[in-house]
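The values are calculated or read from the model by the stated rules, or taken from the named source; none is laboratory data. None of the values given here were measured: they were computed from a predicted structure. What goes into the accessible areas is simple: the full protein's heavy atoms, side chains included, and nothing from ligands, DNA or RNA. Shrake-Rupley method; radii C 1.70, N 1.55, O 1.52, S 1.80 Å.
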Amino acid sequence: MIRHIVLFKIKDEYKDEIPQLVKNFYGMKGKIEGMLDLEAGQDVLHSERSYDLALITVFDSMASFQAYQTHPVHLPVKKRMHEVRSGSVACDFEF
């Protein structure tokens with residue numbers, strides 16, 4: 001299995017949109033073959049090292065994770081995140 005974790009910094013002018021961005025992530029749940037789980041949420045601590053938004057997904061295989069990258073349900077969510085983010089970091093690991 002593959003766990004995909006992404007942390008996003010959101011541009012100031014889009015921070016009010018964070019609850020909708022979380023809903024956008026959850027809108028993918030159950031609609032992408034091989035995605036076993038999805039969690040997303042807004043940061044609550046707002047510390048100096050905090051990111052604004054987290055996405056954690058679990059895939060049954062590397063092939064499923066790779067297919068997710070171009071899945072039609074994922075593409076509009078991905079596009080919007082590219083528009084509103086000022087930065088992101090990711091970690092993907094097998095377990």
Give the residue, chosen from GLU83, GLU33, GLU39, that is outside any helix (DSSP H, G or I) and within 14 Å of the chain's Cα centre (by Cα).
GLU39
Scanning region 49-74 for residues that are in a helix (DSSP H, G or I) and either under 20 Å from GLU13 (Cα atoms) or open to solvent by 80 Å² or more (accessible area, probe 1.4 Å) (or both) gives MET62, GLN66
Does ASP92 qualify as being under 15 Å from the mean Cα position of the chain (by Cα) and open to solvent by 40 Å² or more (accessible area, probe 1.4 Å)?
yes
Being open to solvent by 70 Å² or more (accessible area, probe 1.4 Å), of a type outside the set (Ser, Thr, Tyr) and not in a strand (DSSP E or B) is the requirement here; does ASP16 meet it?
yes
